[in-house]
Amino acid sequence: MPIIQVHLIEGYSDAEKARLGVAITGAVASVVPAHPDQITVMTHDHPPGNYMRGGTQRNPAPARPDPAEQVRAYLDAMEARDLDKAGKYLAKGFRMTFPGGVVMDDPADLVAWSKTRYARVTKTYETFDTATTLEGPVVHCSGTLSGEWLDGTAFEGIRFIDRFTFEDGLIADQRVWNDIAEVSARG
């Protein structure tokens, strides 16, 4: 039964510490053959006056936002076509790749491109999974697409999965896989 102790400067919320504990538990379970219920994570908070690095007392940096929540907010903003809001979640140099190898770097380009494929589309989410890597978090979301083709015909139940990577707390890359081409070809 692994026991992991984490020492933090006071200032992180219980929710932020819980998110850290879940991430650590998942990391340990991916290496050590132990069920998550057998992995103990203990967090110890230390007052800033009891912490020093480089000869200077420090305060904690703010926790990064939950990457899955950022992805969901970005996707919600894109669905609402609120491009200004969506852009606030994106890192400089952001890229998105769609089926067929279509690569874009501007959400406005996606909106223009999608107008040639369907009249509207919405996502129904089944999962948001976050993986922790040394390069930053990776979030996969999956579910189904529904909407309306250009001719007004409705569609639903089209599978999708999106993969997001982060850089400095912002979305750097989005990769999209879905069955739209397969379903529209049968149409």
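Before moving on, here are some points about what is shown:
- Qualifying position, being in contact (Cβ under 8 Å) with a residue 40 or more places away in the chain and out of contact with any strand residue (DSSP E or B) (no Cβ under 9 Å at 6 or more places or on another chain), among Gly100, Gly93: Gly100
- With a requirement of 1 or more residues that are within 25 Å of the chain's Cα centre (by Cα) and more than 24 Å from Thr144 (Cα to Cα), the strands (runs of 3 or more DSSP E) lying completely within the range 1-116 that satisfy it span 3-9, 40-46, 90-98.
- Considering Thr127, Thr133, Thr122, the condition of being under 19 Å from the mean Cα position of the chain (by Cα), over 29 Å from Gly21 (Cα atoms), open to solvent by less than 60 Å² (accessible area, probe 1.4 Å) and hydroxyl-bearing (Ser, Thr, Tyr) is satisfied by Thr122 alone.
- Subset of the range 27-85 [open to solvent by 40 Å² or more (accessible area, probe 1.4 Å) and closer than 20 Å to Met96 by Cα]: Glu69, Arg72, Asp76, Glu79, Ala80, Arg81, Asp82, Leu83, Asp84, Lys85
- Any hit, the range 158-165, residues being touching a residue at least 40 places away in the same chain (Cβ under 8 Å), basic (Lys, Arg) and closer than 17 Å to Asp76 by Cα: no
Condition check ((1) at positive phi; (2) open to solvent by less than 40 Å² (accessible area, probe 1.4 Å); (3) assigned to a strand (DSSP E or B)) across all residues:
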| residue | (1), (2), (3) |
| --- | --- |
| Thr144 | no, yes, yes |
| Leu150 | no, no, no |
| Phe155 | no, yes, yes |
| Ile158 | no, yes, yes |
| Ile161 | no, no, yes |
| Thr165 | no, yes, yes |
| Ile171 | no, yes, yes |
| Gln174 | no, yes, yes |
| Glu182 | no, no, no |
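The values are calculated or read from the model by the stated rules, or taken from the named source; none is laboratory data. As the structure is a prediction and not an experimental result, all values here were calculated from the model. Every residue, glycine as well, gets a Cβ built from its backbone with ideal geometry; the counts of neighbours run over all protein chains shown. In case anyone asks, the SASA skips ligands and DNA or RNA and just uses the protein heavy atoms, side chains included. Shrake-Rupley method; radii C 1.70, N 1.55, O 1.52, S 1.80 Å.
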